[in-house]
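The values are calculated or read from the model by the stated rules, or taken from the named source; none is laboratory data. Just so you know, these numbers come straight off a predicted model, no measurement behind them. FYI the Cβ positions are ideal-geometry reconstructions off the backbone, even for glycines, and counts take in every protein chain you see. Note: areas computed on protein heavy atoms with side chains; ligands, DNA, RNA excluded. Shrake-Rupley method; radii C 1.70, N 1.55, O 1.52, S 1.80 Å.
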Amino acid sequence: MHIVAISSSRLPNSQAHPIQILKTWAAMARLPGVRVTLLCVALDSTPEELLKSMQLEPHPDLKIEALMPSWVMDRLGLDTYISTNRTWLYGLARWRLKRRLAKSIAQEPTVIHTRNESVVWWIWETCEALKIPLIVELHWLKYVDRFRRWRQRRDSKGETPSLTQCKAFLRKRRDSELDCLRHASMILPLTSCIKDRLEGWGLSNIEVVPSGTSVPPLPEEKPAETIDLLYAGQFLPWKGVDTVIRAMEHLPEYRLVLLGDHPPEDKRRLQNLAAEVGAADRCEFRGRVPHPEVAKAAAAAKVCVLPTPRKGFPEARFFTSPLKLYEFSAMGKAIVASDVPSLRDVLVHGENAWMVRPDDPVAFAHGIRNVMEDEELRARLGRNARAFAERHSYEERAKRLLRHMQKAAGVESAGG
């Protein structure tokens with residue numbers, strides 16, 4: 001089977017999704033009888049350099065290519081939103097891809113995979129014309145995020161939209177997203193919350209495929225440092241970092257290390273908040289570090305935190321599936337996390353994580369103290385988290401994805 005994965009990203013970049021994309025497709029290419037072509041909008045390094053940056057080895061069945069040269073993107077000032085309406089170059093790229101796909105389907109079963117709505121609009125007609133299954137991996141429902149951004153823009157202008165305007169905006173964006181997803185042969189959401197919403201819209205052929213992680217051997221040597229509490233990721237409000245910062249007011253004996261620096265304005269806001277609650281000297285903002293350094297920091301941590309909020313952020317409450325959750329688990333770490341529906345998909349209180357009431361700094365502090373002071377509990381949570389990660393390795397994720405793609409393409413899987 002030939003899988004053509006299309007990303008509307010320019011690689012490499014500092015976001016989390018290139019990690020998942022590259023490691024998923026590298027694992028997929030290692031499966032027997034599969035070859036993968038990963039198409040991104042532009043490449044700012046060689047494929048070999050890109051794979052090396054992710055600690056991946058080249059593979060003959062994994063090809064990484066760009067839809068257009070980086071210098072063209074720079075010269076024309078193009079962003080990565082794929083649309084034939086924005087530039088004739090995307091139309092040319094689609095024409096060239098259609099010719100390649102026609103040759104591919106003449107030789108072997110072929111599917112298109114994407115996690116980008118803009119790609120669906122760009123390629124669905126080609127897929128229908130060639131009768132190629134179009135698989136959409138869904139990480140959240142974008143109409144919710146667009147509504148939040150719309151409200152932020154209105155608020156920045158001092159405008160307060162009416163309830164009628166809000167409902168109209170949501171309805172229009174939701175209907176647009178629904179129209180887009182109707183073109184998919186199969187939808188693979190990360191969480192059951194997304195699946196439930198899609199089924200409520202009348203969509204079908206939906207299968208949940210959670211995220212994945214690398215599962216390296218646990219370090220044998222004792223880490224050079226010990227970190228009490230670790231947070232890694234973005235500092236956007238819907239990540240809930242405010243809650244764990246406020247919890248530090250009630251945890252004077254512990255230190256919190258935070259990895260990341262995006263967005264800068266939110267980092268400054270959190271630093272000010274740490275000073276406000278008297279925890280500035282116990283909240284260490286280390287900035288962005290190379291991805292391998294995150295695993296080293298996790299190995300040194302006693303407890304890792306996921307303070308996902310519930311109030312005001314439906315994208316966090318229902319749709320998020322943090323990559324760091326899986327990476328912390330792979331290092332065998334005890335995790336203290338908010339008890340929200342999106343995380344309950346994969347975390348079980350007292351088994352592979354300690355779940356606490358969301359948006360409550362006191363509850364979060366109490367949960368942290370419970371785990372920090374009970375070594376037996378902390379060790380059990382870490383062991384179970386490691387076992388969870390092994391069941392959700394990139395290799396296992398690739399196998400799940402392949403089964404669904406074979407089903408969509410009408411190909412009998414190796415298992416029958």
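Remarks
- Label-point gap, in nm, between LYS103 and ARG391 - each point 7 angstrom along Cα→Cβ: 4.4
- Helix 142-156 axis, angle to the chain major axis (alpha carbon atoms, nearest 10°): 60
- Under 13 Å, Cβ to Cβ, from ILE135 - net charge with Lys/Arg +1 and Asp/Glu -1: +2
- Accessible area of the stretch 192-288 divided out per residue, in Å², using a probe of 1.4 angstrom: 48
- Global geometry of the stretch 267-347, whether rounded, prolate or oblate, following the gyration tensor of its Cα atoms and the 1.5 cut on a/c: oblate
- Calculated [θ] (222 nm, deg cm²/dmol) that DSSP helices of n ≥ 4 give over the chain, each run adding -39,500 (n - 2.57): -14500 deg cm²/dmol
- Computed on the chain, with alpha-carbon pairs under 8 angstrom and 6+ residues apart, the relative contact order is 15 percent.
- Rounded to the nearest 10 degrees, the angle from helix 17-29 to the longest Cα principal axis of the chain is 60 degrees.
- Positive-end residue of ILE335, VAL411, ALA389, charge dipole of the stretch 325-416 with Cβ unit charges: VAL411
- Global geometry of the stretch 67-193, whether rounded, prolate or oblate, following the gyration tensor of its Cα atoms and the 1.5 cut on a/c: oblate
- A 1.4 Å probe run over the stretch 96-158, with the rest of the protein chains in place, finds 50 Å² accessible per residue.
- Whole-percent carbon and sulfur share, accessible surface of the chain, 1.4 Å: 49
- With R₀ fixed at 41 Å, the C-beta to C-beta distance from ALA168 to GLU221 puts the FRET efficiency at about 0.10.
- Added length on full extension, which subtracts the Cα-Cα distance from 0.36 nm per residue, ARG255 to ARG403: 48.8 nm
- Degrees separating the helix 361-373 axis from the principal Cα axis of the chain, which is the longest one: 80
- Furthest towards positive pole of dipole, TYR254, LEU270, SER214, structure part the stretch 189-275, Cβ charges: LEU270
- Taking a ≥ b ≥ c as the square roots of the Cα gyration tensor eigenvalues, the stretch 311-416 comes out oblate, since a/c reaches at least 1.5 and a/b does not exceed b/c.
- Using only side-chain charges placed at the Cβ, +1 for Lys and Arg and -1 for Asp and Glu, the dipole size of the chain relative to its Cα centre rounds to 1380 debye.
- Per residue, in Å², the accessible surface of the stretch 372-416 once ligands and nucleic acids are set aside, probe 1.4 Å: 55
- Bins of 10 Å from zero: percent of alpha-carbon pairs in the chain: 4, 20, 30, 26, 15, 4, 0
- Additional length obtainable on full extension of the chain from ASP374 to HIS349, 0.36 nm per residue less Cα span: 7.5 nm
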